[in-house]
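The values are calculated or read from the model by the stated rules, or taken from the named source; none is laboratory data. Fair warning: this is a prediction, and the values are worked out from it, not measured in the lab. All Cβ positions, glycine included, derive from the backbone under ideal geometry; neighbour counts span all protein chains shown.
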Amino acid sequence: MSGPDAIGEGNNKTRDAVLTAVAAVVFAAALWLASSNLDGYKLRIINLIAINAILGLSLNLIYGMTGMFSLGHAGFMAIGAYVSALLILSPEQKTTMWILEPIAPWLLNVRAPFVVSLAAAGLAAAFFGWLVALPVLRLGGDYLGIATLGFSEIIRILITNLTPITNGSLGLKGIPAHTDIRMSYGCLAVVLFCMVRLMRSNFGNVLRAVRDDEIAARTMGIDTFRTRVLAFTLGCFGGGLGGALMGNLITTIDPKMFMITQTYSLLMIVVVGGLGSITGSIVGAVVVTTMLEWLRFVENPVTIGGVNIPGIPGMRMVIFSLLLIVVIIFRREGIMGMREFSWSRLFRGGSGGGGRR
Amino acid sequence: MTDASPALELSNVTIRFGGLVAVNGLSMSVPEGGIIGLIGPNGAGKTSAFNIITGFYRPTSGRVEFRGRSGKIDITGFPPHEVCKAGLARTFQNIRLFQNETALENVMIGAYVRQKGRWWQSMIPFAFPAAAREEDEIRAGAVALLVRLGLERYMNAAASSLPYGAQRRLEIARALATKPSFLLLDEPAAGMNPQESAELLDFIRRLRDDFSLSILLIEHDMKVVMGVCERIWVLDQGTLIADGTPEAIRADRRVIDAYLGRETADA
């Protein structure tokens, strides 16, 4: 089970804290070595893993922990990415980029440092998440999925058409590549820390209670609607933050980046890793991100036994969908299930994971 | 019984679902510290009455008043979580535990309604020592409650893995964690063997005394009802047809006709 069984063995607390600290230092050192030795492509994948982990964790908070089936994460990512980019781009860049229509005057000179733009991106996404949550979270189950999917599309279409603010379908280019290993893993560390603390607290128990049995939760004095709105808003904050980091990694954003396929990849991370498991989302992010890159070879032209097969773009998504089906048939609970990584589990020789605390 | 002031009072409560009148002009009161039974044939409106009291249904007409530790309030139409906050806790006919959570977590969730620390305080360690202390107290309180109800060996087991009787007791433990002054038990003896239901009599009385509760229970097991209840209300087709002491109910013609049946007379 989650949190408390690690705390149940309370006398190991100090040992675990030391081990966690050592692991964090080792991991940080490995990242530092990687950032000075690996080429740009590999570094980009390593960055992407951290961003996808943040996004996976935030979607897991909504879907896995609190049980709200949301298909709207790409929309909140888009909000985050645009807010951050608009705050970072210089007035000169903005004037040259908006060629269809001039940029809204109030937006031209707004600027903020990268870290501030990240916070603003998260807050903006959280605000819209909250706005959407109020009407939409009265729905449950599949209806919620459809409603959030619809909202995500609305965001995308708004971005495409609000040309004075977003530069429409041309998107934004030349965003400074502020997302480096230090930034992405720094953000991941903060998000991970907050998630672990939150899910180990009694409030974490309450979120799981709302997921498991809403009627019983209400009977136990929990305002389930408010709790769900809160969890959804927090998840959207993560979505906005991840979107902003992504924009500053790729340096180009346009509305097409934030289509439903983006939400699917995140859903894949959460489901493959394990719904309701923090460790699972980290493992899922590593597995799905590297697989998506590695599977690119199937889109290249290949020659098998003298027969030349031209590369089929999108082929890796087909293979990935098949993999997802296999996971759902044979291991529905994902790699981690609802379990979490804990040092004592590792020592007992049980199922450990690649998660870090 | 009349000298004790009522902890819960229903006046003229009616609820209609379309053309069906599930509860019809029900008036009843539960004295403070009393153990009261609500009986009647299936579909008589017992669970509907429970759902009205606990806020899951809003009555078509009538009033529900509750006198908790902070005085008398009208709880008609309160949402369930507000009813719980006011001090009424309940269990369910078909046990509704948080299946994926451990027994300890289930009880801690019950205690959340009285928790003052805010959710975000857990994310900033050392800054809110009071919140951290409260969290520890809740954990300790939950452990103590589990020990008291004899559930300590299931502490870290998932609720779904507990034996049936233990699940029933865990549901009560979880209800007690909300610090209620009034407990509603929906068929606490359902699925219990004769020995377990005999133990239940004692258990319910001890609950009342140890936690200074008023208890209202729905039950079909007549041994339990007659053995533990100080007063019994009988519902039939949404209407109150009798109320009185167990002896009086056992002898009541209408109750025998509607519910108990004749064989109980010579049993």
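From the set of residues in region B:129-153 that are crowded, with 16+ Cβ neighbours inside 10 Å and outside any helix (DSSP H, G or I), which is nearest to the other protein chains (Cβ to nearest Cβ)?
B:Leu151
Report, by residue number, each residue of region A:212-223 that is surrounded by fewer than 23 Cβ atoms within 10 Å (Cβ to Cβ) and more than 7 Å from chain B (Cβ to nearest Cβ).
Correct list: A:Glu214 only.
Across region B:63-112, what is the number of residues that are over 30 Å from A:Gly276 (Cβ atoms) and either within 7 Å of another protein chain (Cβ to nearest Cβ) or out of contact with any Leu (no Cβ under 7 Å at 6 or more places or on another chain) (or both)?
Within region B:63-112, residues that are over 30 Å from A:Gly276 (Cβ atoms) and either within 7 Å of another protein chain (Cβ to nearest Cβ) or out of contact with any Leu (no Cβ under 7 Å at 6 or more places or on another chain) (or both) number 16.
Before we move on, is B:Thr239 surrounded by fewer than 22 Cβ atoms within 10 Å (Cβ to Cβ), in contact with a strand residue (DSSP E or B) (Cβ under 7 Å, 6 or more places away or on another chain) and under 14 Å from B:Met28 (Cβ atoms)?
It is true that B:Thr239 is surrounded by fewer than 22 Cβ atoms within 10 Å (Cβ to Cβ), in contact with a strand residue (DSSP E or B) (Cβ under 7 Å, 6 or more places away or on another chain) and under 14 Å from B:Met28 (Cβ atoms).
Checking the condition in a helix (DSSP H, G or I), modelled with pLDDT under 95 and over 30 Å from B:Pro80 (Cα atoms), which residue from A:Met246, A:Met291 passes?
A:Met291 is the lone residue from the list that is in a helix (DSSP H, G or I), modelled with pLDDT under 95 and over 30 Å from B:Pro80 (Cα atoms).
Is there any pair with a first residue in region A:328-343 that is at negative phi and a second that is at pLDDT below 85 and in a helix (DSSP H, G or I) whose Cβ atoms are under 9 Å apart and which are 6 or more apart or on different chains, and what are they?
Once the first residue is at negative phi and sits in region A:328-343, its partners that are at pLDDT below 85 and in a helix (DSSP H, G or I) give A:Ile335/A:Val327; A:Arg339/A:Arg345; A:Glu340/A:Asp5; A:Glu340/A:Ala6; A:Ser342/A:Asp5; A:Ser342/A:Ala6; A:Trp343/A:Ala6; A:Trp343/A:Asn12.
Give region A:151-163 a look and list any residue that's touching a residue at least 40 places away in the same chain (Cβ under 8 Å), of a type outside the set (Lys, Arg) and surrounded by 15 or more Cβ atoms within 10 Å (Cβ to Cβ), or say none.
A:Phe151, A:Ser152, A:Glu153, A:Ile155, A:Ile159, A:Thr160, A:Thr163
Among the residues of region B:113-122, which ones are facing chain A (nearest Cβ under 7 Å) and either within 30 Å of B:Pro163 (Cβ to Cβ) or surrounded by fewer than 18 Cβ atoms within 10 Å (Cβ to Cβ) (or both)?
B:Val113, B:Gln115 - these are the residues of region B:113-122 that are facing chain A (nearest Cβ under 7 Å) and either within 30 Å of B:Pro163 (Cβ to Cβ) or surrounded by fewer than 18 Cβ atoms within 10 Å (Cβ to Cβ) (or both).
Taking the stated definitions as given, is B:Val107 assigned by TED's automatic domain parsing to the domain that holds B:Phe203, crowded, with 16+ Cβ neighbours inside 10 Å and either of a type in the set (A, V, I, L, M) or touching a residue at least 40 places away in the same chain (Cβ under 8 Å) (or both)?
Criteria not met by B:Val107.
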